[in-house]
Amino acid sequence: MKENLPNQLEKPKSGQTATEVIKLLINIIAGFLVPWIAGAFLIYWDKKAMLLAFPSGGFMSLLFNDFGVYTKWWQLHPDHMESVTTIPFNLGIYPIVAGWMLHFIFTTRFRFNAALMIAAFAALLTGAEFVYVCLDKIQYGNGWNIGWTYLSYILALGAVYGYSFMTSRRILNGASRVGRPTRTSI
């Protein structure tokens, strides 16, 4: 029975597990804890932006990251855990950055700011990922590069903005009327 087990299930070499735990802790700190400190301020200042950004930003991040890992376009270390290593980022930096983007779009007065903010925040995320690439925590494969990364962030943040635009107009503005009982005359 032991001959049928894949190599991944064998006992890890000495020091290998500790190194992988440290890499995962760095991902949790950089991708989840630090962004949620900024996210706490955003929740205090702009609940609407966070309410719109977290589900859509987390969903877009999950969609893009799992597809990218599956197609081997990128690999985040520790790599043997596949999509588990992206969970801190899916629930941390990506929805929080999307929330800050929506906050700045909602609070600025210029009409052209949405495209500018999407491009700026996509550049911010691409820069953060470039640091991870330089630190050799992310490896690209199958023709993927930093340019494709920027384009994927523009698409994801554009989808978050589109979702928030539709949702804020249709649901949140009418939310005060939903569920309120009507007065009937007797």
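The values are calculated or read from the model by the stated rules, or taken from the named source; none is laboratory data. Nothing here was measured: the structure is a model prediction, and the numbers come from that model. Side chains included, ligands, DNA and RNA excluded: accessible areas come from the protein's heavy atoms. Shrake-Rupley method; radii C 1.70, N 1.55, O 1.52, S 1.80 Å.
Annotations for the structure displayed:
- Carbon plus sulfur fraction of accessible area for the range 11-149, probe 1.4 Å, in percent: 73
- Direction-averaged projected area, Cα convex hull, the range 115-162: 3.3 nm², rounded to one decimal.
- Note on F106 and D66: the extension gain reaches 11.4 nm, defined as 0.36 nm multiplied by sequence separation minus the Cα-Cα distance.
- For the range 19-102, the solvent-accessible area of protein heavy atoms averages 51 Å² per residue (probe radius 1.4 Å; ligands and nucleic acids excluded).
- Here the scattering of the range 60-130 is modelled by Debye summation over its C-alpha atoms, one equal scatterer each and no solvent; at q = 0.24, 0.29 Å⁻¹ the log10 of I(q)/I(0) is -1.07, -1.31.
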